[in-house]
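Following: one structure in structure tokens, then a few remarks.
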Amino acid sequence: MKTVIVDTNVLVSAILRDRTPELVIQYIVENPDVEWVASSEILAEYKAVLARPKFRLPQDLQNAWTTLLEAAIAIVNVDITASFPRDPKDAMFLSCAIAADADFIITGDTDLLNAELSIKTNIVTVATFKALFCDTSADS
């Protein structure tokens, strides 16, 4: 089983723009061989970001996504704090990756994508994850 962490920017893109980010989220949620993991801190960020007025998401859409997130995500107890001075807000994703021994972080954040980290988690773009897993499963 592959464990994945979805960066908040990917989730927002899935909701606002559809296309590839939405396909990747759908694949993660529907595939029994993939487990979406997050810390309670990450889940709280997802919910807070979706509620931001700038996105103008109707309350019913926010509620639907909150329900999906709560059902789809396995909450991981994170008892370590990773240091990521380049962008301290991203440290929670790295901490979660280490605690969950996650296989992938899916992100569009160039700070994370370009970071040279000493963790085993692969940090990939939405397009890369889609090419590695979604596109190959469609061929099967």
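Please work out if A131 is free of Cβ contacts under 8 Å to residues at least 24 places away in the same chain, outside any loop (DSSP other than H, G, I, E, B) and not acidic (D, E). Give the derivation first.
Details: free of Cβ contacts under 8 Å to residues at least 24 places away in the same chain: yes; outside any loop (DSSP other than H, G, I, E, B): yes; not acidic (D, E): yes.
Considered against the rule, which asks whether it is free of Cβ contacts under 8 Å to residues at least 24 places away in the same chain, outside any loop (DSSP other than H, G, I, E, B) and not acidic (D, E), A131 comes out as yes.
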- Item | Every residue from the range 84-126 that is touching a helix residue (DSSP H, G or I) at 6+ places or on another chain (Cβ under 7 Å) and either among the charged types (D, E, K, R) or on the phi > 0 side of the Ramachandran plot (or both) | R86, D87, D90, D109, D111
- Message: Here are the criteria: (1) assigned to a helix (DSSP H, G or I); (2) free of Cβ contacts under 8 Å to residues at least 40 places away in the same chain; (3) of a type outside the set (D, E, K, R); (4) closer than 14 Å to I42 by Cα. Tell me which single one V78 does not satisfy.
- Response: (1)
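Does E45 satisfy being among the acidic types (D, E) and in contact with a helix residue (DSSP H, G or I) (Cβ under 7 Å, 6 or more places away or on another chain)?
Numbers: among the acidic types (D, E): yes; in contact with a helix residue (DSSP H, G or I) (Cβ under 7 Å, 6 or more places away or on another chain): yes.
Criteria met by E45.
Quick check on this structure: which one of A102, A91, A97, A64 is assigned to a helix (DSSP H, G or I) and touching a residue at least 60 places away in the same chain (Cβ under 8 Å)?
A97
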- Could you give me the residue pairs with C-beta distances under 9 Å whose first residue belongs to the range 45-59 and is free of Cβ contacts under 8 Å to residues at least 40 places away in the same chain, whose second residue is part of a helix (DSSP H, G or I) and among the aromatic types (F, W, Y) wherever it lies, and which are 6+ apart or on separate chains? Y46/W65; K47/W65; L50/W65
- Query: Which number in (1) buried (at least 19 other Cβ atoms within 10 Å of the Cβ); (2) small (G, A, S); (3) over 17 Å from the mean Cα position of the chain (by Cα) marks the one condition that A100 misses?
  - Reply: (3)
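Rule-based calculations on the coordinates, nothing more; no lab input. All of these numbers come straight from a predicted model, not from anything done at the bench. Virtual Cβ from ideal backbone geometry, glycine too; neighbours counted across all protein chains shown.
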